[in-house]
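Comments concern the structure below.
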Amino acid sequence: MTKPVYQNFINGQFLGNQSGATFAVKNPATDEVIYHVEVADEYIQNAAIKSAEKGFAHWSTLTPIERSRILLKAVNLLRTRNDELAKIEVLDTGKPWQEAECVDVQTGADVIEYYAGLAPSQVGQQQMVAEDFYYTRKEPLGICAGIGAWNYPLQIACWKSGPALAAGNALIFKPSEETPLGAIKLAEIYIEAGVPAGVFNVVQGAAEVGQWLTHSPDIAKVSFTGEVGTGKKVVASAASSLKEVTMELGGKSPLLVFDDADVSQAVSAAMLGNFYTQGEVCTNCTRIYLHKSIYQQFIEELKTRTEQNVIAGDPLDPKVNFGALISKKHQDLVMSYIDKGIAQGATLLTGGKTLSPESAPNGYFVAPTVFIDCSDDMTIVKEEIFGPVMSVLVFEDEEDVIQRANDTHLGLAAGVFSQDIKRAHRVIHKLQAGICWINSYGNSPAEMPVGGYKQSGIGRENGIETLDHYTQTKSIYVGMGNIESPF
Ligand code: NAD
């Protein structure tokens with residue numbers, strides 16, 4: 001059967017490229033090509049800029065409340081089409097339906113709804129200066145670019161377009177070449193909701209299309225989600241035209257479990273923060289530091305629950321809670337880290353192998369894996385693996401574990417489990433990470449700013465401050481008297 005071919009989405013409609021170049025997208029759970037996508041060639045790139053210029057000229061003149069009304073219609077459509085969109089995410093990413101059905105579309109819609117609500121409340125300042133005064137206006141930046149990763153494709157498109165559009169900008173969004181369909185569906189929804197053509201455009205392709213976006217002098221800002229190494233290239237390229245940048249990058253986040261913690265709760269957090277979305281979550285707590293006194297209890301419960309409760313298989317089966325990794329290449333990379341862990345002396349508590357479940361025998365599965373006997377200098381403890389691989393470490397002293405947890409160039413997230421509220425807050429304040437949880441892990445509501453310390457990122461997504469990052473401040477000085485001039 002011939003597979004569909006999706007074109008780029010420009011100026012409110014699909015637009016064919018001139019080069020004829022396409023790429024194939026596979027379902028990670030079946031290893032089958034599910035559709036093809038046209039690459040954004042030079043013709044598409046030029047059309048995208050023209051389209052966004054036109055979209056911006058119209059959209060930026062609407063009042064915030066008019067924009068808000070339209071965006072809320074899109075939110076409603078996203079929620080109404082939850083199941084159709086969630087299925088696209090399952091087929092593109094290999095994640096379980098169980099997750100996509102209640103998280104991916106919902107959390108995307110939440111963020112657009114949040115910024116639709118916030119946009120009309122954005123105000124400038126005014127201040128008297130003797131008899132004169134000045135006031136400020138929050139003006140949109142113009143054309144912004146969004147570049148997405150493949151783990152939460154639709155959610156990332158919503159998290160970038162929500163604040164960008166609410167503030168009056170136009171956006172050219174490039175999804176990951178592994179997962180291009182969700183963004184196209186979002187583009188259709190925006191048009192149906194009444195967002196003018198050209199305000200949200202989708203261009204498709206891999207690094208070279210991303211490079212064009214980051215280099216283009218017509219684009220005012222780039223918001224990027226992806227690996228640290230790619231983020232550095234994006235910042236360097238964006239510097240050529242001094243673009244604003246937001247960088248949502250990788251992590252190697254610690255979870256500290258103290259002797260007074262509720263151990264079962266901490267095990268739940270560690271499993272969520274390593275095995276949810278089969279381990280492909282940027283904030284994952286892949287370094288679990290256990291106080292010596294609860295170590296045995298923790299790893300016994302962790303082993304039992306991992307071996308009994310994780311159900312790998314066809315991600316569309318609602319009973320399955322553990323899906324396939326994004327690609328064969330990524331599966332090989334994760335397995336190579338597991339091999340390094342073993343070679344460097346860590347002990348496998350469980351997992352450590354690929355899986356071939358009966359309902360999805362050709363999928364790129366890696367078993368939920370836990371390493372014990374880890375030390376801080378091992379590769380599996382230092383580098384982001386972006387798969388279901390947890391490293392367990394032991395500590396005795398609070399100051400020592402804080403120092404070890406911070407001994408990394410990354411700083412995306414961190415967690416503390418302790419019933420002692422003074423200790424929990426004291427420790428979390430000392431951890432060098434932008435997204436922190438106490439007696440919890442992974443929740444990320446639209447209201448809460450998220451982003452990394454150190455090399456895990458620049459700027460924030462979500463929360464009030466992000467809207468400011470999609471605007472620029474214009475100051476206007478008003479003279480009320482005569483000008484004093486020596487000339
Ligand atoms: P990646 O860096 O390989 O690719 C991300 C995007 O960048 C893709 O769309 C890709 O086509 C594009 N790209 C590649 N090279 C480029 C270049 N030179 N210039 C411009 N664009 C380029 O990342 P990935 O493998 O898609 O995603 C996994 C990574 O994303 C992990 O490191 C993960 O931690 C991170 N991530 C971070 C967050 C966060 O919010 N901090 C969220 C999700 C994923």
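Summary table below
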| item | result |
| --- | --- |
| Segment 391-456 and segment 334-385: distance between their alpha carbon centers, rounded to Å | 23 Å |
| Solvent-accessible ranking of Val235, Val199, largest area first, probe 1.4 Å | Val235, Val199 |
| Length-normalised contact order of the chain in % [C-alpha pairs under 8 Å, at least 6 apart] | 18 percent |
| Prolate/oblate/rounded call for segment 363-487, Cα gyration tensor, a/c under 1.5 rounded | prolate |
| Taking segment 185-343 and dividing mean pair separation by its residue count, relative contact order in percent (alpha carbons under 8 Å, at least six apart) | 15 percent |
| Value of D in µm² per second that Stokes-Einstein yields for segment 125-267, Kirkwood Rh from Cα pairs, at 10 °C (1.306 mPa s) | 92 µm²/s |
| With DNA, RNA and ligands ignored, accessible area of Tyr43 (1.4 Å probe; Å², nearest 10) | 90 Å² |
| Cα-only radius of gyration and Dmax that characterise the chain, units Å | 23.8, 87 |
| Where Ile483, Ile288, Ile421, Ile458 fall by accessible area, highest first, once all protein chains stay in place (1.4 Å) | Ile483, Ile421, Ile458, Ile288 |
| With all protein chains modelled, accessible area of His429 [1.4 Å, Å²] | 140 Å² |
| Accessible-area composition of segment 211-327, carbon plus sulfur, in percent [1.4 Å probe] | 54 percent |
| Full-extension gain in nm, Glu192 to Thr22, via 0.36 nm per residue minus C-alpha separation | 58.5 nm |
| Nearest-10 value in Å² for the accessible area of Asp259, using the 1.4 Å probe | 70 Å² |
| Alpha carbon centroid spacing (whole Å) that separates segment 145-165 from segment 215-243 | 15 Å |
| Two-site FRET efficiency, Thr379 against Val478, from Cβ-Cβ distance with R₀ of 51 Å, rounded to 0.05 | 0.25 |
| Whole-percent pair-distance distribution, where bins are 10 Å wide, for the alpha carbons of segment 231-273 | 22, 28, 16, 19, 14, 1 |
| Shape category assigned to segment 1-116 from the gyration tensor of Cα positions, a/c cut at 1.5 | oblate |
| Candidate residues Ile156, Ile34, Ile342: accessible-area rank, largest first, probe 1.4 Å | Ile342, Ile34, Ile156 |
| Gyration tensor (alpha-carbon) shape descriptor, segment 196-236, a/c threshold 1.5 | prolate |
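The values are calculated or read from the model by the stated rules, or taken from the named source; none is laboratory data. Note that the coordinates shown come from a computational prediction; the quantities given were computed from them, not determined experimentally. Note that we place each Cβ from the backbone using ideal geometry, even for glycine, and neighbour counts take in every protein chain shown. When the accessible area is computed, the model is the full protein with side chains, heavy atoms only, and any ligands, DNA or RNA have been set aside. Shrake-Rupley method; radii C 1.70, N 1.55, O 1.52, S 1.80 Å.
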